There are 2 protein chains.
Amino acid sequence: MKNMLVAQSGGPSAAINATITGVIDTGLEFEEVGHVYGALNGIKGVLNENFVRLDEICKDPATRELLAVTPAAALGSCRWKLKNPEEDAREFEEIIRILRKNNIGYFIYTGGNDSMDTVYKLSTYCREHGVDDIKIMGAPKTIDNDLGETDHCPGFGSAAKFIATAFTEIACDCYVYDIPSVTIVEVMGRNAGWLTASAALARNEERNVPQLIYLCEKAFSTKQFVEDVKEALKKENNIIIAVSEGLKDAQGRYVGEEMKSGKEDAFGHQYLSGIGKYLEQVVTDQIGCKVRSVELNILQRCAGYMLSETDIMESRNLGAYAAVSAIRGESGKMSALKRLPGKTYGVDIVLADLSKIANVEKTVPIEWITEDGHDITQELVDYLKPLIQGEVQIPYKDGVPQHFML
Amino acid sequence: MKNMLVAQSGGPSAAINATITGVIDTGLEFEEVGHVYGALNGIKGVLNENFVRLDEICKDPATRELLAVTPAAALGSCRWKLKNPEEDAREFEEIIRILRKNNIGYFIYTGGNDSMDTVYKLSTYCREHGVDDIKIMGAPKTIDNDLGETDHCPGFGSAAKFIATAFTEIACDCYVYDIPSVTIVEVMGRNAGWLTASAALARNEERNVPQLIYLCEKAFSTKQFVEDVKEALKKENNIIIAVSEGLKDAQGRYVGEEMKSGKEDAFGHQYLSGIGKYLEQVVTDQIGCKVRSVELNILQRCAGYMLSETDIMESRNLGAYAAVSAIRGESGKMSALKRLPGKTYGVDIVLADLSKIANVEKTVPIEWITEDGHDITQELVDYLKPLIQGEVQIPYKDGVPQHFML
């Protein structure tokens, strides 16, 4: 009997704890598994041997239900890039030593591109060095929906539901005044416009909001933007616009780059801010009507009160499948979603090859953006819509949502 | 038999449509009332005779239930200040002419300070000019909770619930990294800190978040703020801070004034933005740890998915009471909430004198702010807590909340 270890990495999402719950469910269910450990703060927690006993903490099913609907990452996260083992294998050796010391035979790591890079490197190292007593599996997560080899990513559906809902509410808010107004809503997404595209799900028969959508996959022209807004204002008084935070111009430079903070994270990503504020200034200067910008900010990734039932169910199943696969002897793969053909939405859970996933970003296909560059196609709407369906009842205490806390 | 007219004014809130619903309920119920009209875009809609037949549109109880949980202001709003009648009485005469032309005997106006100013002027003009066939009543509304003569204001409880919830989610999000970090959350409120204070309702036995709360009622010192943050970082890694958008220094100047847009609205209020960004810069420069600012922005006033059941019930009752009072012959007053003494929360609905309300801002009593200036007292928590209690189930369609639309 071997123990199981689970850890989380990358940015928080509303569904990553559901994936952890799926792992714990499986660990408790299968007699091949002894204890279920959680490492705190991702791979750093493994290196520091900072473990908690999740099988004990989450023994009660009610606790697991609460964990499954708690946003962010209950075990904590990290941004820690393992060194290339050919240059420095010490971290790899140390991880293997610690896992063996704790009799851990199954290690499930949940996260996005960078985390899958960790799983890939670690499992490859194990394979190449004859370590076959430790199975290492990935479970996907990223609100950005930019992982390859899976139809979509856990956490994305809930974030998309929050964004679509926010646009319906912002529409209600903007419609109250009968003077021309422009509202620019900045949505997360450096290189992938999936979240921004989700704004289109706010539309219904009565309300064509947002009227303009700009994804970061298509080169952005401030001049054309001004024309688009002027045109839209001819038809309606209240224009609501969705923009990806990572809009770039035809030369690939971030739009409004001068307003960016310039900081970089451990993976070399630059923190972005300010496209909304930049375009607000553009409208003020070049159109002159009432204008404001709204940054949805971190609420879009951590709103545990706006969960997609589809997302939470799938996330939990993906965690369980990664864990079951490890028990069955799989290693170096990621559990993934494969959409079934046909009009009715359905998915199969499959195993995907990590070499095709690590450090690859899946962006919105350019043919899913309309030719005029300021909207998305029906195909993209059809892809997105099933992912936000269903609501999850969450427990409240004293008027605020209750969360699992370690 | 006289007709009834209802209109909305001021900024959107999550509960003002519940108040309108209470008026419509009453108009439909009482045989003294013929049609129930809604004026579009507040007093401007009255002046333009831009009316809709709410008794027909909202005949079906299900439609009224939907209206009651739809955020913003379904009839539209305006920011229109009536001229002083001693200088120019033409608008007053025109309003009276239009109301009489439509056989309107009861006019209910919902809104905040400025709207109550309109009700006060108009009802005073009517009384002084012998117009006794039109009864004009106010119903309160303002997320800022700054109206006098009422224990609290419709719309505030739901906004406070959204803010408290947002802080619980932001706490989950911030706790995932084990490096020192500061998150500054900017909350609406020019001169009244009630909404910012509501952040304290995110606290529970496990989580003392936000650790620092700064209300605009107390002079703010950037130097002291830096000391407070440094002190807090000695005890914990992740510091979350709630700040009112309208923080002022000891000289009464807005903090970070240089980052303000400088625009003014029709009532001479200056639009504020940037205190969060300003303090983010201060922390970067003077402390140097990871820092970010979050502006809750318009979602805090229009989040129809985070309604306080207490707020929505009270708002609807206040609309109904204003309407019933008009039918009974009252005029020039506002329906208001009087909190009952004792430990168990309860309110009476009463009529309040408009002369004490119009253009007066009720701010947080200074004794409800702790002496160190960075927290609120238990008395204030006890005042706030009942107002966010209870959740409202809202209808969803295709994964997003459904709203009433004219």
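The values are calculated or read from the model by the stated rules, or taken from the named source; none is laboratory data. None of these values were measured; they are calculated from a predicted model. As a convention, Cβ positions derive from the backbone with ideal geometry for all residues, glycine included, and neighbour counts pool all protein chains shown. When the accessible area is computed, the model is the full protein with side chains, heavy atoms only, and any ligands, DNA or RNA have been set aside. Shrake-Rupley method; radii C 1.70, N 1.55, O 1.52, S 1.80 Å.
Quick rundown of the values:
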| item | result |
| --- | --- |
| Carbon and sulfur %, accessible surface of region A:273-337 computed with the full protein complex present, 1.4 Å | 42 |
| Built amide H within the under 5 Å cut-off of B:Ile376, gap 5+ | B:Thr370 |
| Scattering profile of region B:156-300 at q = 0.10 Å⁻¹ [log10 I(q)/I(0), Debye over alpha-carbon scatterers] | -0.31 |
| For the pair A and B, total buried accessible area rounded to nearest 100 Å², probe 1.4 Å | 5000 |
| DSSP-defined antiparallel bridges as percent of all bridges, chain B, nearest 5 | 35 |
| Position A:Glu87, label points 7 Å along Cα→Cβ, spacing to each other copy in nm (shortest first, one decimal) | 7.2 |
| Average accessible surface area per residue within region B:156-300, 1.4 Å rolling probe, Å² | 35 |
| Shielding by partners, peptide B:162-169 (average Cβ within 10 angstrom, other chains) | 6 |
| Max mean-square fluctuation residue, GNM over chain A, Cα-Cα springs under 10 Å, options A:Ala323, A:Ala336, A:Ala72 | A:Ala72 |
| All-pairs alpha carbon distance profile, chain A, 10 Å steps from 0, percent | 5, 23, 30, 23, 13, 5, 1, 0 |
| Rg(Cα)/(2.2 N^0.38 Å) for region A:280-342, N = residue count | 2.01 |
| With eigenvalues of the C-alpha gyration tensor scaled by 5 and rooted, region A:270-406, Å | 34, 24, 17 |
| Added length on full extension, which subtracts the Cα-Cα distance from 0.36 nm per residue, A:Asn237 to A:Lys101 | 42.3 nm |
| 0 to 90° range, to nearest 10: angle between helix A:16-29 axis and chain A longest Cα axis | 30 |
| Cα point-scatterer Debye curve for the protein assembly as shown, base-10 log of I(q)/I(0) at q = 0.08 Å⁻¹ | -0.69 |
| Position A:Ala250, label points 7 Å along Cα→Cβ, spacing to each other copy in nm (shortest first, one decimal) | 5.7 |
| Other-chain or far-sequence residues with amide H under 5 Å of B:Gly34's (modelled H) | B:Lys2, B:Asn3, B:Met4 |
| Förster radius 30 Å - calculated FRET efficiency between B:Asn359 and B:Asp249, Cβ distance, rounded to 0.05 | 0.75 |
| Selection of chymotrypsin sites (Phe, Trp or Tyr not before Pro), region A:49-138, meeting DSSP coil and at most 10 other Cβ within 10 Å | none |
| Contour excess over end-to-end distance, with Cα ends at B:Lys343 and B:Ala219 and 0.36 nm allotted per residue | 41.4 nm |
| Cα-based equivalent ellipsoid of region B:1-140: semi-axis lengths in Å, sorted from largest, via gyration tensor | 24, 17, 11 |
| B:Glu391 long-range amide H proximity, modeled H, under 5 Å | B:Glu309 |
| Shortest-first nm distances, B:Ile179 label point to equivalent points in other copies (7 Å, Cα→Cβ) | 4.4 |
| Protection proxy ranking, peptides B:308-321, B:240-253, average beta carbon neighbours within 10 Å, highest first | B:308-321, B:240-253 |
| Part-to-part distance (alpha-carbon centres) for region A:1-57 and region A:123-192, which is given in Å | 22 |
| Residue among B:Leu54, B:Leu340, B:Leu28 with the largest mean-square fluctuation in a Gaussian network model of chain B, springs linking Cα atoms under 10 Å | B:Leu340 |
| Most mobile of B:Pro210, B:Pro386, B:Pro71 in a GNM of chain B (Cα contacts under 10 Å) | B:Pro386 |
| Set of lysines with alpha-carbon distance to A:Lys277 below 17 Å, sequence-local pairs under 8 removed | A:Lys223, A:Lys248, A:Lys260, A:Lys290, B:Lys260, B:Lys263, B:Lys277 |
| Calculated FRET value between B:Ala62 and B:Gln281, using beta carbons and R₀ = 56 Å, to 0.05 | 0.65 |
| Relative contact order of chain A, defined on C-alpha pairs under 8 angstrom at six or more residues apart (%) | 23 |
| Residues losing 50 Å² or more accessible surface upon assembly, region B:374-406, compared with the chain by itself, 1.4 Å | B:Glu391, B:Tyr396, B:Asp398, B:Gly399, B:Val400, B:His403, B:Met405 |
| Alpha-carbon centroids, region B:349-406 and region A:274-344: separation in whole Å | 31 |
